[in-house]
1. Per residue, how much space in cubic angstrom lies within the convex hull of the C-alpha atoms of the range 4-68?
2. Short version: ³J(HN,Hα) in whole Hz for each residue of the range 277-283, in order, from phi by Karplus 6.51 cos²θ - 1.76 cosθ + 1.60 (θ = phi - 60°), x for Gly and Pro, what are they?
3. Spin-label point model (7 Å from Cα, Cβ direction): what's the Ala171 to Ser13 distance in nm?
4. Given a 10 angstrom Cα cut-off, can you work out which residue in Ile146, Ile12, Ile61 is the most mobile in a GNM of the chain?
5. Can you tell me the relative contact order of the range 4-68? Whole percent, Cα pairs under 8 Å, sequence separation 6 or more.
6. How big is D, in µm² s⁻¹, for the range 98-145 by Stokes-Einstein at 10 °C and 1.306 mPa s if Rh is the Kirkwood radius over C-alpha pairs?
7. Would you mind computing, in nm to one decimal, how far apart the modelled labels at Ser194 and Lys67 are, each placed 7 Å from Cα along Cα→Cβ?
8. May I ask you to list the residues of the range 233-259 whose amide nitrogen lies under 15 Å from a point 7 Å from Cα along the Cα→beta-carbon direction of Asp299?
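Readers should treat all values here as calculations from the given coordinates under stated rules, not as data from a laboratory. Note that the coordinates shown come from a computational prediction; the quantities given were computed from them, not determined experimentally. FYI the Cβ positions are ideal-geometry reconstructions off the backbone, even for glycines, and counts take in every protein chain you see.
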Amino acid sequence: MVTYRNFVQTLISSLEAMYGANEAKAISVNLINHVCSLPPYAHLTDPEMEIGEVFLPKLNIMAEELKRGRPLQYVLGFQEFFSRDFIVKEGVLIPRPETEELVSWITSEKQGGAGLRILDAATGSGCIGITLACEMPGSDIFMFDISDVALEVASENSNRICSEEIKTRSAVKTPRIFKCDLLTGALSQYIIGSGTLDIIVSNPPYVLESEKVLMRSNVLDYEPYSALFVPDYDPLLFYKSIANWGRALLKNGGEIYLELNEAKALETAELFMEMDYCEVELRKDINGKDRMLHCIFRDSF
């Protein structure tokens with residue numbers, strides 16, 4: 001007989017060196033609760049419950065994947081974001097809590113405002129654009145990525161999540177998704193239209209290649225390199241491109257919201273000020289790091 005407590009403690013001991021005790025426990029509990037369809041507090045209320053034999057083969061396979069360093073989100077196939085489950089798999093960046101904070105900044109300032117035209121640049125799983133489509137019904141959302149895997153996952157998330165939302169809120173619009181390179185944007189004006197956007201939002205690659213030594217192997221070995229890293233010699237290349245996108249696509253008074261590297265926060269803010277954006281604001285994340293930026297485009301002509 002394998003009890004809940006036995007399974008969790010055994011898995012924790014295998015993961016502790018990689019993640020630390022607290023995170024190893026959270027991963028172990030989340031795994032067993034998901035596979036066995038248990039409530040999140042099951043480890044507290046009934047730790048001696050017997051795990052059904054029907055669940056053990058799947059649990060053991062997934063536990064082995066975790067021991068090899070595969071992230072829990074890829075093992076389960078999803079990550080919760082804004083209380084919605086987003087499909088994720090190798091080739092697509094796993095959504096982080098910091099990105100939820102960025103989305104919360106937008107929704108709190110716009111207070112669910114409808115009728116906005118919003119671009120989610122380098123969308124990945126689609127978590128930003130799809131969440132905004134659901135939280136701000138009636139808004140037109142455009143999303144793009146250069147990765148075919150990301151586009152496939154974003155489309156699947158969009159179709160599944162938005163179709164559910166539309167059942168209760170008919171004003172929700174399914175985002176329009178297209179393939180494009182953030183560094184060139186050749187098709188963007190034809191698809192979106194010049195000077196028509198209210199908001200551009202993006203969580204572009206921003207981790208310096210020299211920062212790889214600070215990162216866990218489970219991130220480096222499994223998450224897409226191109227969605228994470230930028231060269232040390234040009235750390236703001238994606239932000240320069242976004243600033244140019246803003247000039248071409250934003251309405252007068254349109255806004256940009258960005259996630260960024262706290263080590264380059266001031267440089268990023270200076271970049272947008274130099275490119276004639278105004279009211280440039282940095283905001284700290286829950287860990288007290290400069291993680292987000294907001295600015296406004298004013299057409300001087």
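1. Values: hull volume 4.5 nm³, N = 65.
Dividing the Cα hull volume of the range 4-68 by its residues yields 70 Å³.
2. 3J(HN,Hα) across the range 277-283, in whole Hz: 7, 10, 6, 6, 10, 9, 10.
3. 5.6
4. Ile61
5. Numbers: 41 pairs, mean separation 25.5, N = 65.
That works out to 39 percent.
6. On the way: Rh = 10.6 Å.
Reported coefficient: 150 µm²/s.
7. According to this spin-label approximation, the distance is 6.1 nm.
8. In the range 233-259, the label zone of Asp299 (backbone N under 15 Å from the point 7 Å along Cα→Cβ) covers 245-255.
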